[in-house]
Structures are given as structure tokens and as C-alpha cells.
Ligand code: NAD
């Protein structure tokens with residue numbers, strides 16, 4: 001019997017084991033979907049999409065409201081699922097649920113306004129009297145591909161605006177954390193969403209590739225390396241894509257910074273989600289006058305951070321390292337820094353199993369020859385560097401191939417804003433880190449190797465549509481004066497009109 005093969009040549013019907021990073025125990029298995037299965041899901045989505053797009057905004061909002069209530073009434077089950085497959089602290093899982101509940105409400109409320117028709121005016125003599133407008137049309141089937149660090153927020157979170165714009169969505173979560181996405185599929189069923197408007201396909205890279213091969217738009221969140229492959233394939237197919245990729249976010253502590261706040265923001269920014277956020281603070285630059293006081297306080301607080309297996313609210317601050325190879329990357333960055341002269345002020349080691357853990361680690365005496373200052377670490381480590389002044393801080397922040405986010409801590413907001421505008425990053429927060437993600441009206445997207453396009457804000461939903469421009473001649477004459485057969489006096493008149501309208505003082509002579 002002929003065997004069905006996956007896009008990468010492996011046999012169909014294969015299953016992927018999902019482990020709990022905090023215990024090493026296998027907690028589930030999911031199918032490793034073949035290219036054919038992805039194509040079938042896309043086919044079903046195509047059938048379902050026109051009906052979904054035709055629903056009025058209020059009906060779609062009603063489906064969202066049901067899902068929001070489901071999400072909140074099942075919050076413990078969802079939290080447990082996220083914690084089990086990702087290994088993060090419960091508090092970090094709750095933040096994902098809060099985000100999705102607010103996203104359901106936000107996009108239901110804003111979709112109509114942000115996607116409304118726009119009247120267009122033109123003063124060109126060729127279109128006088130025309131009525132013109134643009135309208136937005138859903139793209140069709142959106143493929144969302146997500147990473148493992150936020151199994152709900154960076155996967156299902158991007159499904160919501162795509163659906164709000166009238167698309168059907170096929171979601172491929174990370175093969176390391178696929179269980180939460182399957183819970184969302186159950187939510188859609190139990191909330192009576194129209195069939196196949198939202199589907200999940202599970203699988204590894206080849207399944208994601210098959211989705212890029214068949215969807216009408218790809219919303220990708222993941223590493224810069226995979227993002228380039230997705231963009232290249234989308235380019236070949238000439239379909240649009242949006243890429244939310246890696247980061248090496250910097251935080252600047254200014255000489256006038258309130259130090260307690262600076263330390264709280266640094267610890268939250270560096271260690272929330274175990275440091276496994278694209279927007280994690282991964283390097284700090286401190287102005288010389290406050291360096292010693294800041295580092296003393298930071299070391300004291302770092303030593304108080306708890307880490308280990310999450311067991312309910314308040315049990316640990318930092319959970320497990322989710323993705324096995326990530327542990328080697330974190331170790332490598334710490335060892336590389338120490339071998340080049342860095343000092344460890346807290347942590348520095350892998351914790352013995354079961355499970356994968358790395359101690360919250362504070363490094364000083366670092367510089368830009370070290371991997372920990374230039375490459376994405378994606379773990380609970382933080383290098384801190386002394387700078388002579390703001391100029392040196394700006395130079396070092398911008399000395400990066402990434403440009404996702406940056407943070408500034410300082411008392412003079414005017415000064416901090418001016419500084420923010422000199423940083424090469426898609427988002428800058430002042431006296432905060434990461435909180436901007438929760439402001440759904442504020443665009444979030446990376447510059448440089450951190451991505452293309454944005455999520456959130458007007459562009460965060462408009463990207464899921466294509467524009468149609470409609471122009472109507474309400475008073476059609478038998479013939480417009482500019483039409484063939486050309487009439488020289490008509491064109492002299494047009495040129496005189498253009499001279500008047502566009503103000504060339506001498507005008508153009510038409511001989
Ligand atoms: P990854 O690139 O390894 O995988 C991401 C997803 O892409 C997975 O679902 C994977 O199966 C899939 N995939 C792999 N090969 C593919 C291919 N050829 N075509 C299509 N899909 C393919 O990333 P990861 O390790 O899961 O996630 C961590 C990375 O994600 C970090 O770099 C982090 O900074 C980034 N991230 C970025 C944001 C952001 O908003 N900018 C948010 C979260 C995570």
C-alpha cells in the first residue's frame with residue numbers, strides 16, 4: 001500500500017510527544033499533520049469564510065463575547081494547560097488569558113471603525129465630479145504560525161483580529177506547546193462558532209511550511225531564521241505576510257532614574273516568563289553616576305527571585321526553560337561572557353533535573369564582544385554594562401541587528417522622550433518594559449531583523465484585508481474633453497487649470 005508522506009518525506013500519521021518542561025513527563029501527543037491535511041484544512045476554511053465575512057459586525061462580536069466568557073470561565077483549565085506544556089509560572093499564564101479576553105473585546109469594538117469605507121477626494125482635472133471610496137475586503141484564509149514561549153498570546157492572540165476582519169483562520173501552534181491551541185479549538189466548538197472558521201493543525205516545521213504554501217496571508221511569530229524562510233516562500237507565492245521575530249531588547253538607566261522603579265522594571269522585564277519573551281530585557285546600560293547603587297540593589301533583588309517547578313499562584317517567580325536547546329544557548333552565553341571577563345553576581349548555573357531550569361543570572365563587566373550582548377539569549381539571564389553617558393548608551397543600544405523594543409528609566413520625561421526617538425526600535429517604553437503589549441491600540445512590531453509589519457493598532461487589523469478602490473462617474477457626459485480624438489484647445493485649458501492649481505508662477509507655455 002502506498003504510504004502518504006509529509007512535505008519533508010516523513011510518514012503521515014506520525015504523532016508528536018509534548019513534555020512538561022518542569023518535570024520532563026510527557027503530557028500529551030498531537031498529530032504531525034501532513035501537507036495534504038493542511039491543504040484539506042485550508043479547503044474547509046475557504047468554504048466557511050464567505051459566510052463568516054457576510055455576517056454583520058454585531059453577529060461576529062456576539063461570537064467573540066461568548067468566547068470571552070468561555071475563556072474566563074475556563075481560566076483555571078487554560079492556565080493549567082499553559083503551565084503544563086510551557087513550564088512557566090501561573091502568573092505568566094494568567095497574563096496570556098487577560099490579553100486574549102481584552103483582545104476579544106477590543107477587536108469586536110474597533111473592527112467596524114478601523115475597517116470602515118473611506119471617502120477619497122481628488123482635485124485632478126481628469127476626475128472632477130467623481131465619487132470615490134476605498135473598502136476593505138478580507139483576504140480569505142489567514143495562516144497563523146506561533147512560537148512556544150506564549151502558547152495562547154502569540155498564537156491565538158493573533159487569530160482574533162484576523163477573524164474580526166472576516167477571514168477564516170488556520171492556526172499552527174509550536175510543536176512544543178500545541179495543547180493550548182487545541183483548547184481554543186474546543187472553545188470555538190462549545191461557543192457555537194460556525195464550523196471551520198477557526199481550525200488548528202498541529203505539527204512541526206514542515207506543517208508550518210505547508211501552511212505558508214496554501215494560506216492567503218501568513219501571520220508568523222518566531223525566530224528570525226524561520227521568519228526569513230517564511231518571507232522567501234511568501235515572496236515566491238506573492239502573498240503578504242507579517243513577521244514578528246526575535247529581539248535583543250535594551251534598557252537604559254539614566255542618571256536621574258528612580259532606582260527602586262528601575263530595579264523593579266528591570267527584573268520584571270528580564271525575568272517574566274522566565275526571560276523567554278521576544279520583548280525580554282536582554283541588556284542594560286547604566287549611566288556611570290548611578291551604576292554602583294543600581295547594581296547593588298539589583299543584585300539584592302535578583303537573589304530574592306525564586307525559580308523552580310510552578311505549583312500555583314505565588315509558588316515561583318521564574319519557571320522552566322521550555323525548549324530543550326534553549327538551555328544550551330543560555331549556558332553558552334553565560335560561559336562565553338565569563339570566559340571573556342564577565343562576573344556573575346547571582347545564579348549562573350543549570351539546576352539539576354527533573355525538568356529544565358536555569359538560575360536567574362546577573363552578569364556585570366560585560367561588553368559587546370560577548371554573545372550575551374549581541375545574540376538573543378531567551379532565558380533568565382541579564383547582563384548589565386556601565387556607560388559614561390547617554391551618547392554611549394544610544395550608540396550601544398543601536399549597535400544591534402535587532403530592533404524590537406527598548407526601555408528608558410528616568411525622571412525627566414521630556415528628556416527620555418527625546419532619547420526614545422533616537423533609538424532604533426519599533427517600540428520604546430519609558431519607566432516601563434513590556435506593558436505596551438497590553439495596549440491594543442498601540443502598534444507593536446520590530447525594526448531591522450526583528451520583523452516586518454505590526455500587530456495591534458489600526459495596521460494590526462487592516463493587514464488582514466485587501467483594499468478595493470471604487471470610483472464612480474455620477475454625471476457621465478457623451479465624451480470628456482480629455483478623450484480621443486484629442487483636442488488641442490481642451491489640453492491648453494487643462495494646462496492653464498494645472499498652472500492655477502499647482503502654482504507654477506510662470507506656467508508652462510504650450511506652443
Ligand atoms: P521558530 O522560528 O523555531 O518556530 C516558530 C514556528 O515556526 C513554530 O510553530 C515552527 O514549527 C514553525 N516553523 C518552523 N520551520 C518553519 C518553516 N520552514 N515554515 C513555516 N513554519 C515553520 O521559533 P520558536 O523557537 O518557536 O520561538 C522563539 C522565537 O520567537 C524567538 O526568537 C522569539 O524572540 C520569537 N518571538 C517573537 C515575538 C514577537 O512578537 N516579535 C513573540 C514571541 C516570540
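Structure notes:
- For the pair residue 424 and residue 26 in one chain, pulling the backbone fully straight at 0.36 nm per residue adds 139.1 nm over the alpha carbon distance.
- Put the Cα centre of segment 415-477 next to the Cα centre of segment 71-139 and the gap is 13 Å.
- If the segment from residue 62 to residue 492 were pulled out straight at 0.36 nm per residue, it would be longer than the present Cα-Cα gap by 148.9 nm.
- DSSP beta bridges in segment 361-508 [antiparallel fraction, %, rounded to 5]: 30 percent
- MRE, 222 nm, helices only [DSSP H, n ≥ 4, -39500 (n - 2.57), over the chain, to nearest 500]: -12500 deg cm²/dmol
- For segment 249-440, the relative contact order works out to 29 percent when only alpha carbon pairs closer than 8 Å and six or more residues apart are counted.
- The mean sequence distance of close C-alpha pairs (under 8 Å, at least 6 residues apart), as a share of the length of the chain, puts its relative contact order at 17 percent.
- In degrees, nearest ten, helix 90-114 long axis to first principal axis of the chain (Cα): 10 degrees
- Relative to the dominant Cα principal axis of the chain, helix 35-54 is inclined by about 50°.
- Distance from segment 318-386 to segment 222-292 (C-alpha centre basis), Å: 15 Å
- Beta-bridge orientation, segment 308-387: approximately 60 percent antiparallel, per DSSP, counting only bridges with both partners inside.
- Taking 292, 367, 249, 158 and counting other C-beta atoms within 10 Å, the order from fewest to most: 292, 367, 158, 249
- Label-point gap, in nm, between residue 127 and residue 369 - each point 7 angstrom along Cα→Cβ: 6.0 nm
- Modelled spin labels at residue 236 and residue 264, positioned 7 Å past Cα toward Cβ, are 5.1 nm from each other.
- Packing-based exposure ordering (other Cβ within 10 Å, fewest first) of 404, 313, 179: 313, 179, 404
- Using the Cβ-Cβ distance between residue 76 and residue 135 with R0 = 41 Å, the FRET efficiency computed as 1/(1 + (r/R0)^6) comes to roughly 0.45.
- Approximate spin-label separation residue 332-residue 255, in nm, with each point projected 7 Å along Cα-to-Cβ: 4.0 nm
- Ordered by the count of other Cβ atoms within 10 Å of each Cβ, fewest first, 501, 219 give 501, 219.
- Fraction of beta bridges assigned by DSSP in the chain that are antiparallel (%, nearest 5): 45 percent
- Rounded FRET efficiency, nearest 0.05, which uses the C-beta distance separating residue 391 from residue 292 and R0 of 25 Å: 0.75
- Relative to the longest principal axis of the Cα atoms of the chain, helix 224-237 runs at roughly 20 degrees.
- Between residue 343 and residue 501, the FRET efficiency estimated from the beta carbon spacing at R0 = 60 angstrom works out to 0.30.
Coordinate-derived values only; no laboratory data. Quantities reported herein were computed from a predicted structural model and do not represent experimental measurements. Positions of Cβ are generated from backbone atoms using ideal geometry, with glycine treated the same way; all protein chains shown enter the neighbour counts.
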